[in-house]
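Notes for the one structure printed next.
What follows is calculated from the coordinates using simple rules that are stated; it is not laboratory data. Source: prediction; values computed, not measured. All Cβ positions, even for glycine, are placed from backbone atoms using ideal geometry, and neighbour counts span all protein chains on display.
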Amino acid sequence: MRQYVRVGSLVSGVGLLLMAGGVAAGGFGIATQNGSGTGNAFAGGAAAVDDASVAWFNPAGMTLLPSGKHVSAALHVLKTSHKFQDTGSTGAFSFPGSGNGGDAGGWAFVPNASFAMDINPQWSFGLSLNAPFGLATEYDAGWRGQLTALKSEVKSVNINPSVAYKVSNTVSIGAGVSVQKLEAELTSCTTVPAPACGNVAKIEGDDVGYGFNLGLMVQATPATRFGASYRSSIKYDLEGDATFSGAAPANGKITADLRVPDSASFSVFHQAGPKWELMGDVTWTKWSTVQQLNVIRTSASAGGPAGSTVTRLPFEWDDTWRFGVGANYKLSAQTKLRFGVAYDETPTNDLTRTPRLPGEDRTWIAFGVQFKPSKAGTLEVGYAHEFISDANVNVPVPGQTTCAAGCLKGSFDNKADILSIQYSHVF
């Protein structure tokens, strides 16, 4: 027996394309924006001044870098795991012989780079190139939840020039602008689990958005400094295509508005003697901006006229808090050891969570080492493991609000590992 659902409702997962599998931060954000911070679980990021990456975390900190031109480049290897365990799926999700999708996680390689330099004793300039949002989930074909998700992928590229001004010997301010491109893709099946899918729905969209960031750095005492940073939200008017492998007349153009959240961080850094450095931070992210996503057709097709709503997606996400503490120990003139722990809330909830983003609250445990092979060069290696709470889902058939046609019921066993390598050089 094969059950079909209406083509127009099958793309109801389109918005979740943009929420795909962020492993390094709450929601779909990626926290790994430098290699020096990984070993501290990114605790104290807005107050740390280790290398050129301060241009991203808090541009005001560029004024505290030694005079010269600073360059940092990092590569992060991310391994995620999302394994579904069925706990009583019904209807269309209980098709005999269907599997649980395998491991929807996988490997990802995320690079970033930063540049910073002093213009004069008061002014500094910086430039960051990174990927603030992204990663993916992908399930085995024929799994019981293929009506809701097969593949979800999001990629972003961000360019962030910034400047800093040293107001006094103890106070600096900074500001920057972001130009950010986001590309996204989602696939799902329009039929209940089977060895082959008779109709794969694919949604693709992209756009370029603009935002800004601000920073403040205060050297309260010779041993203690405070940092505060703010990053604005960015609005996207995503445009793209909806295509159906088994229903070509339904193909057409779509658009969807998405606003990624703004965030604010407060950090402290303390030099506790000649060997130890201590740090901590609190970060707030306004994920409550992601409440609902409307997907609209911009061209007429068999799926509906131009201007018709393809789907209206309720997310009902909440604001989140992230807390981190870390420490560095100076082993020798060339070597520094890093340690850190953090707790990162999820914006999702048990009522609206789906397999496309099976995230939950996570706890970081991290360590790393800094080695200076020369006076001008610095090598950083960091590792972090994320213990992620099990994530429950109870998802109806796309386009439905009740379990009358079936619900995907189960729990995800999640975890993530991060390995970062960075080299910095001063010219």
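When +1 charges are put on Lys and Arg Cβ atoms and -1 charges on Asp and Glu Cβ atoms, the dipole computed for the chain relative to its Cα centre reaches about 440 debye. Applied to the range 416-427, the Karplus parametrisation 6.51 cos²θ - 1.76 cosθ + 1.60 on θ = phi - 60° returns per-residue 3J(HN,Hα) values of 8, 10, 9, 10, 10, 10, 9, 10, 10, 9, 10, 9 Hz, with x for Gly and Pro. The ranking of 151, 181 by Cβ neighbour count inside 10 Å, starting from the fewest, reads 181, 151.
Counting lysine pairs in the range 305-427 that sit 8 or more residues apart in sequence, or on different chains, and whose Cα atoms lie under 19 Å apart gives 4.
Under the combined filter of DSSP loop state and at most 10 neighbouring Cβ atoms within 10 Å, the range 280-383 retains none of its chymotrypsin sites (Phe, Trp or Tyr not before Pro). Amide H to amide H, with H built 1.01 Å from N, residue 142 comes under 5 Å of 194, counting only residues 5 or more places away or on other chains. Taking other C-beta atoms within 10 angstrom as a stand-in for reagent exposure, 65, 331 fall in the order 331, 65, fewest first.
The residue list 247, 370, 90 was ranked by how far each Cα lies along the charge dipole of the range 7-426 toward its positive end, using unit charges on Cβ atoms, and 370 comes out on top. Under 5 Å from the amide H of residue 191 lie the amide H atoms of 198, 199, each residue being 5 or more positions distant or on a separate chain, with H modelled from the backbone and absent for Pro and chain starts. Taking other C-beta atoms within 10 Å as the exposure proxy, 389, 152 rank 389, 152 from fewest upward. The residues packed around residue 102, meaning those with a beta-carbon under 10 Å from its beta-carbon, carry a net charge of -2 if Lys and Arg are +1 and Asp and Glu are -1.
The local environment of residue 275, defined by Cβ-Cβ distances under 12 Å, has a net charge of +1 under the rule Lys, Arg +1 and Asp, Glu -1. Ordering 328, 287, 405 by the projection of their Cα atoms onto the charge dipole of the range 271-427, which places +1 on the Cβ of Lys and Arg and -1 on the Cβ of Asp and Glu, puts 328 at the extreme positive end.
Of (1) 24.4; (2) 22.6; (3) 19.6, which is the value of mean projected area of the Cα convex hull in nm² derived from the coordinates here? It is the value labelled (3). Counting only lysines at least 8 places from residue 235 when in the same chain, those with an alpha carbon closer than 18 Å to its own are 155, 181, 286.
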